[in-house]
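Q: Can you read through this structure? Questions will come right after.
The numbers here are math on the coordinates, done by the rules we state, and not lab data. As the structure is a computational prediction, the values presented were derived from the model and not from experiment. Cβ atoms come from the backbone with ideal geometry, glycine included; neighbour counts cover every protein chain shown.
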Amino acid sequence: MSHHYTAQVFWQREGHEFLGNRYSRRHLMRFDGGAQVVGSASPQAVPQPYSDPEGVDPEEAFVASLSACHMLWFLSLASRAGFCVDRYSDNAEGEMARNAAGKMAMTQVTLRPQALFSGAKQPTREQLEELHHKAHEECYIANSVTTDVRCEPVHPA
């Protein structure tokens, strides 16, 4: 069984100088459900004004994709286990470094999820760790990359 997903990335020069690497990296990402997001190269990789710091760069999108996939699996698993999640947040971070082949790559992504539960049934620390472990094992995006994806859940005090 296979599924196909689409995204359209659209860029145009809009009269800017192109030769000499002096063009805007700002572009539009359109997704099959109708959402549109402004994209850009990372200002760390391409200085302003040729990048747009308000745009989502591919590196940020990669980190967000891993984080969102983990969250969706976590929520599904928590629901099936009878735990009511009221809020979930993740301050995920990706690290760009040289990989074993000497190429620049997103070598590590660290997820720092924090879930807030309500109701009589509250997960123990061990159950919470197991939910995150299972979510990581099932995450389609994490299963698709060679990046070291780490999960460091933030536990309530």
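Q: Identify, from the list V9, V56, the residue that is under 24 Å from M104 (Cα atoms), surrounded by fewer than 12 Cβ atoms within 10 Å (Cβ to Cβ), within 18 Å of the chain's Cα centre (by Cα) and hydrophobic (A, V, I, L, M, F, W, C). Don't jump to the end; show me each part of the working.
A: Values: V56 fails: surrounded by fewer than 12 Cβ atoms within 10 Å (Cβ to Cβ).
Going through V9, V56 in turn, just one is under 24 Å from M104 (Cα atoms), surrounded by fewer than 12 Cβ atoms within 10 Å (Cβ to Cβ), within 18 Å of the chain's Cα centre (by Cα) and hydrophobic (A, V, I, L, M, F, W, C): V9.
Q: Can you name every residue in the range 78-102 that is under 24 Å from H132 (Cβ atoms), out of contact with any helix residue (DSSP H, G or I) (no Cβ under 8 Å at 6 or more places or on another chain) and charged (D, E, K, R)?
A: Result: R80, D86, R87, E95.
Q: While we're on this one: Within the bounds of the range 130-143, is there any residue that is exposed (fewer than 11 other Cβ atoms within 10 Å of the Cβ), touching a Phe, Trp or Tyr at 6+ places or on another chain (Cβ under 8 Å) and closer than 17 Å to D86 by Cα? Even if it seems obvious, please write down each step before you answer.
A: So the first thing to find is which residues in the range 130-143 are exposed (fewer than 11 other Cβ atoms within 10 Å of the Cβ), and the list is 137.
If we keep only those that are touching a Phe, Trp or Tyr at 6+ places or on another chain (Cβ under 8 Å) as well, we get none.
Scanning the range 130-143 turns up no residue that is exposed (fewer than 11 other Cβ atoms within 10 Å of the Cβ), touching a Phe, Trp or Tyr at 6+ places or on another chain (Cβ under 8 Å) and closer than 17 Å to D86 by Cα.
Q: Out of the strands (runs of 3 or more DSSP E) lying entirely within the range 24-121, which hold 3 or more residues that are of a type in the set (D, E, K, R) and in contact with a strand residue (DSSP E or B) (Cβ under 8 Å, 6 or more places away or on another chain)? Outline the logic, then answer.
A: Details: elements: 27-31, 36-39, 84-90, 93-98, 104-111, 113-118.
Per the criteria, 84-90, 93-98.
Residue by residue, here is whether (1) surrounded by fewer than 11 Cβ atoms within 10 Å (Cβ to Cβ); (2) within 18 Å of the chain's Cα centre (by Cα); (3) free of Cβ contacts under 8 Å to residues at least 40 places away in the same chain; (4) closer than 24 Å to V149 by Cα holds:
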{"site": "Y23", "(1), (2), (3), (4)": "no, no, yes, no"}
{"site": "R30", "(1), (2), (3), (4)": "no, yes, yes, no"}
{"site": "A35", "(1), (2), (3), (4)": "yes, yes, yes, no"}
{"site": "G39", "(1), (2), (3), (4)": "no, yes, yes, yes"}
{"site": "Y50", "(1), (2), (3), (4)": "no, no, yes, no"}
{"site": "E60", "(1), (2), (3), (4)": "no, yes, yes, yes"}
{"site": "A64", "(1), (2), (3), (4)": "no, yes, yes, yes"}
